[in-house]
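Read the structure below first, then the notes.
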């Protein structure tokens, strides 16, 4: 074999080795890139569920908050309706009860003006008085059944919530502000005023006696 042929063969072998090395390098780089891509994909897959879980928990928390608000609103509405129902039950007859007060007043005036039983000689008059008494008693029972109570504050301290002062009276033996005369009793239904009691009040010492300036309830 000639010298030139040997050199050519060596050059070809060297080139083949270089090609093989280049191919190995390319394969290694490709494997490395694939490994990096795979790692990134795995990290992405790990991060993605974590992100989705956080979003899901936030949504659940939001829905819980909305549910609690809805339940609270429903409970408040139920309580308000119950209060309104109770108010209607208590005070729904207030206007009707006011109309009955004048009847109660007239029955009492009739009995106050009626003669005593022992002074009555006419049986018809006695029966009439008895009928008025029974009517007043029945009306009072109806008032009691509906929590309607009379206010008769004679001797009590004046209370502007339930009393209407019509005049002042100079009373040396009474403290100022004490009710010394009841012109017309008042009425309440439960704790709500139907009509204030019209009263005369003891004046302060040295005060002037004042005549009624307001005769309307």
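The values are calculated or read from the model by the stated rules, or taken from the named source; none is laboratory data. Computed from a predicted structure; not experimentally measured. Cβ coordinates were reconstructed from backbone atoms using ideal geometry, including for glycine residues, and neighbour counts include every protein chain displayed.
Data table
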quantity	calculated
Selection status of residue 97, touching a helix residue (DSSP H, G or I) at 6+ places or on another chain (Cβ under 8 Å), surrounded by 10 or more Cβ atoms within 10 Å (Cβ to Cβ) and closer than 17 Å to residue 149 by Cβ	yes
Test: residue in segment 118-126 that is outside any helix (DSSP H, G or I) and either assigned by TED's automatic domain parsing to the domain that holds residue 195 or exposed (fewer than 15 other Cβ atoms within 10 Å of the Cβ) (or both)	yes
Residue 34 vs. criteria modelled with pLDDT under 70 and part of a helix (DSSP H, G or I)	yes
Unique match (being farther than 30 Å from residue 173 by Cβ, under 35 Å from the mean Cα position of the chain (by Cα) and without any contact (Cβ under 8 Å) to a residue 40 or more places away in the chain) among 84, 121	84
Verdict on residue 131 being part of a loop (DSSP other than H, G, I, E, B) and loosely packed, with under 12 Cβ neighbours inside 10 Å	no
Residue in segment 145-160 that is in a helix (DSSP H, G or I), within 27 Å of residue 190 (Cα to Cα) and touching a helix residue (DSSP H, G or I) at 6+ places or on another chain (Cβ under 7 Å) present	no
